[in-house]
Amino acid sequence: MNRGMLKFAAIALAMSWMGLALAAPDVGTAEKQSLNIHAIVMFFIFVLMTLGITYWAAKRTKTASDYYSAGGGITGTQNGLAIAGDYMSAATLLGLTSLTYFQGFDGYIYCICFYVGWPFIMFIMAERLRNLGKFTFADITSYRLDQRQVRTVAAIGSLTVVVFYLIAQMVGAGQLIKLLFGLDYWIAVVIVGVLMVVYVTFGGMIATTWVQIIKACLLLGGGTLVMLLAFSQFGFSFETLATKAVENSKKGIALMGPGSLLADPVTAVSLSLGLMFGTAGLPHILMRFFTVPNAKEARKSVFIATLCVGFFFTVVAIMGLAAVTIVGTNPQYFEGGQLGGKLLGGNNMPAMHLAHAVGGNMMLGFLSAVAFATILAVVSGLALAGASAISHDLYANVIRRGQATEAEEVRVSKRSSLFLGVLAVLLGIAFEKQNVAFMVGLAFGVAASCNFPVLILSMYWKGLTTRGAIWGSITGLVSAVLIVVLSKAVWVVVLGNEKPLFPYEQPAIFSMPIAFFFAWLGSVTDSSVRAAKEKEAFEDQYVRAQTGFGSAGAVAH
Amino acid sequence: MSTAIYERIRNNPKFDELVAKRSRFAWMLTAIVLGIYFIFIMIVAFNPKVLATPIFAGGTASIAWPIGAGMILLFWLMTGLYVRRANSEFDDINSEIVKGAIE
């Protein structure tokens, strides 16, 4: 099995690099950037390094616990970096820089909304997650509830989030690489898919964690360097930076305050709820809490992650503001050299153009490689979370009712990651021409409405029963998806209808209360014998959540 | 598996003390974070002009940026505060309780 997969991976990799060679001649056509040698060399080094790590990790991955949670042997600091790595996607670097570039302070508001979930996770969730969980967050929601039913809906929630997020990342990867590296879209998507499957299948959580750590360091280092080089052109004075930006932006002084993006209070609050609680319901982030040996390290890792994420968001905001002047006044970054026209490569490019402006081709190459590495690391984390939902929740506990051996479970997980890899590539290619901007929002919306309410209730509310958990998850999922589909982002932009059927694009303010309400209603009206037992079992769960006694890995150490 | 031990832990008065202390601390910090954050979001939604006020009279850079950065910094420091107390004081009580229950 393993050998067969290795062979598959080798062939696929060889094919994609062949494709790279084949694609080389037609570089220089209209949209594609010329082949960026710096970027490709640097990315190649990253890939070799991570493949080396995967090889090393594969030798250390023996048990299911090694595979899913790196055997609980990751330190708090390492895990903190890896969490930050999971959280800071290429969309953060490119999207939020671009948002600040065009909208000014609105970009920073987004950053703050993305950030504020972390302190919340620290105070309310970190230690209970670590104390109750084992491999997936469904271990916690199903702790005292019906294993099969609760795990099934949890797996559906996880997979929905993973697939939406994967599509967004794959399409982003394809577009970005086409642009930065001068490769064809499909080649880029295949490379990402193949590498992701290789990391996850052979190296499991150990490899995924280290890929994530390296990428987080590269991203933090690269971003900081570009920011410092750019900021130095303003003598490190924020007042100068702001004054210049206001002078050179079409929006003028409006850059300095909240603008149109969040003008409507419902959207502002809904977005902030979705981003905040969505973070606390992302399966690939939650999984990271099980890789550390105990609650102490789990807390440390959130502390480190919070620092990295907050710092990076601030870096990104300064980059965006600096780009207004440095990129915005340089005709070479605009189509046809027309200042104020369309940015070369599209609206997501201010960060990349800024890197080029302050550090030449070398810096552009480096930041491009970092962006690619970032996508790769994020999709690997997602694939592992999705594969675990299939193997640990669906296969081992639902289909086999907990009777599967560890080896069988891990085998299924590896096959699932291969399946997810193929699916991601196919979806990535299918969605090439689509506007997928709404997909990350949808992933967060589902995480906040389907995963988070049941997770938090299962840890904090004695009264939650299986029926309540099922009702809450399903209504949260359906309402979040429905609202996004009927809103402008999908109904008008993607499906081409004239008017949205639902006026708001951010689902959380509606779908979260719906999920909580039905979880409550389903529970309090549940007077079955099973429900009574489930409530009774809360006592033991509560002691374990508080003290960590009996939690996976904690006793053995 | 270890219901008896859980029972013993639960009956230890120190357990209640630990839970009460830690929860109070965690919820207090949460309330501060959420409070500040939602005040900020409300200002963004209902009175955005306030945030555009220049830092220096006659200057351009607005108070919005340092307020944003300050929030990020403050929240991070608060997580640090929690880790410091939880990883020493609370964990000491915790391991004492668990040890007492196993013996």
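A few comments on the model shown:
- Among the residues listed as A:ILE109, A:ILE140, the single one being surrounded by 24 or more Cβ atoms within 10 Å (Cβ to Cβ), away from chain B (no Cβ under 13 Å) and under 26 Å from B:TYR37 (Cβ atoms): A:ILE140
- Selected residue (criterion: farthest from the other protein chains (Cβ to nearest Cβ)) from residues of the stretch A:231-267 that are closer than 17 Å to A:ASP106 by Cβ and assigned to a loop (DSSP other than H, G, I, E, B): A:LYS250
- Filter result for the condition that a residue is surrounded by 17 or more Cβ atoms within 10 Å (Cβ to Cβ), aliphatic (A, V, I, L, M), facing chain A (nearest Cβ under 7 Å) and under 24 Å from A:GLU539 (Cα atoms), over B:ILE72, B:ILE97, B:ILE41: B:ILE97
- Which listed residue, of A:PHE135, A:PHE164, A:PHE102, is more than 14 Å from every other protein chain (Cβ to nearest Cβ), touching a His at 6+ places or on another chain (Cβ under 8 Å) and either farther than 17 Å from A:VAL454 by Cα or not in a helix (DSSP H, G or I) (or both): A:PHE135
- Residue count for the stretch B:49-69, restricted to those that are surrounded by fewer than 17 Cβ atoms within 10 Å (Cβ to Cβ), in a helix (DSSP H, G or I) and either out of contact with any helix residue (DSSP H, G or I) (no Cβ under 9 Å at 6 or more places or on another chain) or at the interface with chain A (Cβ under 7 Å from one of its Cβ atoms) (or both): 1
- Residues (hydrophobic (A, V, I, L, M, F, W, C) and surrounded by fewer than 23 Cβ atoms within 10 Å (Cβ to Cβ)) located in the stretch A:146-178: A:ILE156, A:LEU159, A:VAL163, A:ILE167
- In the stretch A:404-418, the condition of being under 18 Å from the mean Cα position of the chain (by Cα) and either over 27 Å from A:GLY278 (Cα atoms) or surrounded by 24 or more Cβ atoms within 10 Å (Cβ to Cβ) (or both) is met by at least one residue.
- Residue match in the stretch A:454-472 (condition: touching a Pro at 6+ places or on another chain (Cβ under 9 Å), surrounded by fewer than 24 Cβ atoms within 10 Å (Cβ to Cβ) and either assigned to a loop (DSSP other than H, G, I, E, B) or not hydroxyl-bearing (Ser, Thr, Tyr) (or both)): no
- Residue in the stretch A:440-450 that is assigned to a helix (DSSP H, G or I) and either surrounded by fewer than 24 Cβ atoms within 10 Å (Cβ to Cβ) or on the phi > 0 side of the Ramachandran plot (or both) present: yes
- The condition (being surrounded by fewer than 18 Cβ atoms within 10 Å (Cβ to Cβ) and within 16 Å of A:PRO350 (Cβ to Cβ)) is satisfied by just one residue among A:LYS251, A:LYS244: A:LYS251.
Per-residue answers, yes or no, for (1) in a helix (DSSP H, G or I); (2) at the interface with chain B (Cβ under 9 Å from one of its Cβ atoms); (3) under 19 Å from A:GLY221 (Cα atoms):
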site: A:PHE277; (1), (2), (3): yes, no, no
site: A:HIS284; (1), (2), (3): yes, no, no
site: A:PHE289; (1), (2), (3): yes, no, no
site: A:LYS296; (1), (2), (3): yes, yes, no
site: A:ARG299; (1), (2), (3): yes, yes, no
site: A:ILE304; (1), (2), (3): yes, no, yes
site: A:LEU307; (1), (2), (3): yes, yes, yes
site: A:PHE311; (1), (2), (3): yes, yes, yes
site: A:THR314; (1), (2), (3): yes, yes, yes
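- Filter result for B:TYR6 (at the interface with chain A (Cβ under 7 Å from one of its Cβ atoms) and either of a type in the set (Gly, Ala, Ser) or farther than 17 Å from A:GLN546 by Cα (or both)): no
- Going through (1) within 14 Å of chain B (Cβ to nearest Cβ); (2) on the phi > 0 side of the Ramachandran plot one by one, A:GLY182 falls short only on (1).
- Qualifying positions in the stretch B:75-88 - more than 7 Å from every other protein chain (Cβ to nearest Cβ) and in contact (Cβ under 8 Å) with a residue 24 or more places away in the chain: B:LEU81, B:ARG85
- Selection over the stretch A:112-129 of residues that are among the aliphatic types (A, V, I, L, M) and more than 7 Å from every other protein chain (Cβ to nearest Cβ) gives a count of 4.
- Some residue of the stretch B:29-38 being within 23 Å of A:ILE121 (Cα to Cα), more than 9 Å from every other protein chain (Cβ to nearest Cβ) and touching a residue at least 60 places away in the same chain (Cβ under 8 Å): no
- Yes/no for A:GLY172 being within 16 Å of the chain's Cα centre (by Cα), at negative phi, in a helix (DSSP H, G or I) and within 14 Å of chain B (Cβ to nearest Cβ): no
All of the numbers you see were taken from the coordinates with simple rules; none came from a lab. Model, not experiment: these values are computed from the prediction. A quick note on method: Cβ atoms are made from the backbone with ideal geometry, for glycine too, and the neighbour counts reach across all protein chains shown.
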